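Engineer: Below is the structure I would like to discuss, written out as structure tokens.
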Amino acid sequence: MALTNPEDLTQTAVSPRTVTVLGATGSVGCNTVDLLARNRDRFRVVALTANSNVALLAEQARLLEAKFAIIGDPEKLDDLRDALQGTEVEVMAGEAAVIEAASQPADIVVAAIVGAAGLRPTLAASRQGSIVAIANKECLVCAGELVMAEVERSGTTLLPVDSEHNAIFQVFETANAKEVERLILTASGGPFRTWTLEELAVATPAQAVAHPNWDMGRKISVDSATLMNKGLELIEAAYLFPVPAEKIEVLVHPQSVVHSLVAYIDGSVLAQLGTPDMRTPIAYTLSWPERMAAPAKRLDLAEIGELSFEAPDLQRFPALNLARNALTRGNGSTAILNAANEVAVASFLDEQIGFLDITRIVEETLDRVPAQPIASFDDFEQLDAEARRIAQTLVKSRF
Ligand code: NAD
Ligand code: MG
């Protein structure tokens, strides 16, 4: 398992820690920046990266006095330079610069880019060998073997930011891993939990991104609506924890208070609870193995009164099974699943396909693209490109 013993980190646990945030302008990125801004004495910021939002990136870099600010879109270099005039922040632009930023020595790199676009920077961060706090689950879904090999080789500590995996990490007794019977990932069920298939057929992007509990980026919000997010998280959990996939279950829990559970062989079930605020799991990764204060609304169980749980409906939400089957098949199947899902979600947000088409396109792409083992980044790129090409063809056939 990549999660190392906290004692190995006593050297790096001294303040201030140096931090890089990849995808600083996104939902996870902004929550991370908020925590860093509240704890200026504990952290020094090495680099902040964004894809295209120059104004927000510049504001964050000024606020945190970052050493580097990097914008992915090379055409925006001059804008970024103008926005940071009069500061000592060094600016760079382009994909290579984002990867370069991820490679800079830092005690913690928060990997919060969305999608497979984050794979190369996350691999670069893993190579530099300290802590990678991983939010970018698609990296593990599309090339988990490559990321884990890099983590092992470099002695990197991978800490999960995703609230479910962070919850499991908080209650997973690493020394007693053999005594774990099951992992139970909770799922809110998303905005369409109670919708019929007829209603789902005409669901709009605006309805899909209106998540009942979490304020997140558009892509993950749609993934939550299809339940593909939980499928991706199942695959993520299989890489992060030494528990076979068949022992990882999904439980729908609409209030998003119990963030996940670990069941042990003696019948004990340990869970981590909290209000749905990503600053709690992010804070845990930034300060680990200690804890630091985070401003999430405190959990008042008496006020909530009741918590409910139900099994996921695999008829209305087939994405969960697609992900589980892809994980079982292995050999790059999860990379195909991820690529097709990224194409389908973008097409849905663009109003080119309907909501139910998303999982249909993922399923058909998985049927059409022959799986190939991923032993190198080139292998990944080829398979990813082929899956995207087929998924695009399927999108066009629906016009
Ligand atoms: P988001 O869309 O809000 O932000 C994405 C960030 O990545 C932005 O800073 C953007 O500039 C950057 N980015 C996008 N494409 C890029 C590219 N090609 N090159 C460089 N940078 C690029 O996404 P988010 O909701 O913050 O999610 C980020 C990741 O964290 C996703 O993998 C998501 O599944 C995961 N995650 C998010 C949440 C959440 O609460 N939002 C919770 C758990 C896990
Ligand atoms: Mg999650």
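Engineer: Non-local amide H neighbours of E90 (under 5 Å, H modeled in plane, Pro and chain starts lacking H): which ones?
Structural biologist: Those qualifying (amide H under 5 Å, at least 5 residues apart or on another chain) are F68, A69.
Engineer: Would you look at the GNM of the chain, springs on alpha carbons closer than 10 Å, and say which of Y264, Y284, Y239 moves the most?
Structural biologist: Comparing Y264, Y284, Y239 in a Gaussian network model of the chain, the most mobile one is Y264.
Engineer: I've got another one for you. Let me check I have the definition right: for the chain, take the eigenvalues of the Cα gyration tensor, multiply each by 5, take square roots. What are those semi-axes in whole Å, largest first?
Structural biologist: Taking √(5λ) for each Cα gyration eigenvalue gives 30, 26, 21 Å.
Engineer: Given 0.36 nm per residue, what is the gain on full extension from E303 to A96 after removing their alpha carbon distance, in nm?
Structural biologist: 69.6 nm
Engineer: OK, next. In the Gaussian network model of the chain, springs joining C-alpha atoms below 10 Å, which of E199, E181, E381 carries the largest mean-square fluctuation?
Structural biologist: E199
Engineer: With a 1.4 Å probe and every protein chain left in place, work out the accessible area per residue of the chain in Å², rounded to a whole number.
Structural biologist: 42 Å²
Engineer: While we're here: Testing the spin-label approximation: label points 7 Å from Cα along Cα→Cβ at K396 and L314. State their distance in nm.
Structural biologist: About 3.5 nm, to one decimal.
Engineer: How much of the DSSP beta bridge set in the chain is antiparallel, as a percent to the nearest 5?
Structural biologist: About 25 percent, rounded to the nearest 5.
Engineer: Rounded to whole Hz and in sequence order, give me ³J(HN,Hα) for the stretch 296-302 from the Karplus expression 6.51 cos²θ - 1.76 cosθ + 1.60, θ = phi - 60°, writing x for Gly and Pro.
Structural biologist: Ordered by residue, 3J(HN,Hα) equals 4, 4, 6, 6, 10, 5, 5 Hz.
Engineer: Step through the residues of the stretch 320-330 one at a time and calculate ³J(HN,Hα) from phi using the Karplus curve (6.51 cos²θ - 1.76 cosθ + 1.60, θ = phi - 60°), rounding each to whole Hz and writing x for Gly and Pro.
Structural biologist: 4, 5, 4, 5, 5, 5, 4, 5, 5, 5, x
Engineer: From the backbone phi of the stretch 93-101, what are the Karplus-calculated ³J(HN,Hα) couplings (6.51 cos²θ - 1.76 cosθ + 1.60, θ = phi - 60°) in whole Hz, Gly and Pro given as x?
Structural biologist: So the J values, rounded to whole Hz, are 8, x, 4, 5, 5, 5, 5, 4, 4.
Engineer: Find how many whole Å separate the alpha carbon centroid of the stretch 224-245 from the alpha carbon centroid of the stretch 166-218.
Structural biologist: Using only Cα atoms, the two centres lie 10 Å from each other.
Engineer: Ranked from the most accessible area to the least, with a 1.4 Å probe and all protein chains present, what is the order of D277, D41?
Structural biologist: D41, D277
Engineer: How many lysine pairs in the chain, separated by 8 or more positions in sequence or lying on different chains, have Cα atoms less than 22 Å apart?
Structural biologist: 8
Engineer: With only alpha-carbon pairs counted, each pair once and no self-pairs, how large is the Kirkwood hydrodynamic radius of the stretch 6-161 in angstroms?
Structural biologist: Result for the stretch 6-161 stands at 15.2 Å.
Engineer: Quickly estimate the mean residue ellipticity at 222 nm for the chain, helices only: each DSSP H run with n ≥ 4 gives -39500 (n - 2.57), and the total goes over all residues, rounded to 500.
Structural biologist: Helix-only estimate at 222 nm: -13500 deg cm²/dmol.
Engineer: Now for a different question. Taking the Cα-to-Cβ direction at E59 and at R42 and moving 7 Å from each Cα, how far apart do the two end points lie in nm?
Structural biologist: For E59 paired with R42, the spin-label model returns 2.4 nm.
The values are calculated or read from the model by the stated rules, or taken from the named source; none is laboratory data. Computed from a predicted structure; not experimentally measured. Cβ atoms come from the backbone with ideal geometry, glycine included; neighbour counts cover every protein chain shown. Just so you know, the surface numbers come from the protein's heavy atoms only, side chains and all, with ligands and any DNA or RNA stripped out. Shrake-Rupley method; radii C 1.70, N 1.55, O 1.52, S 1.80 Å.
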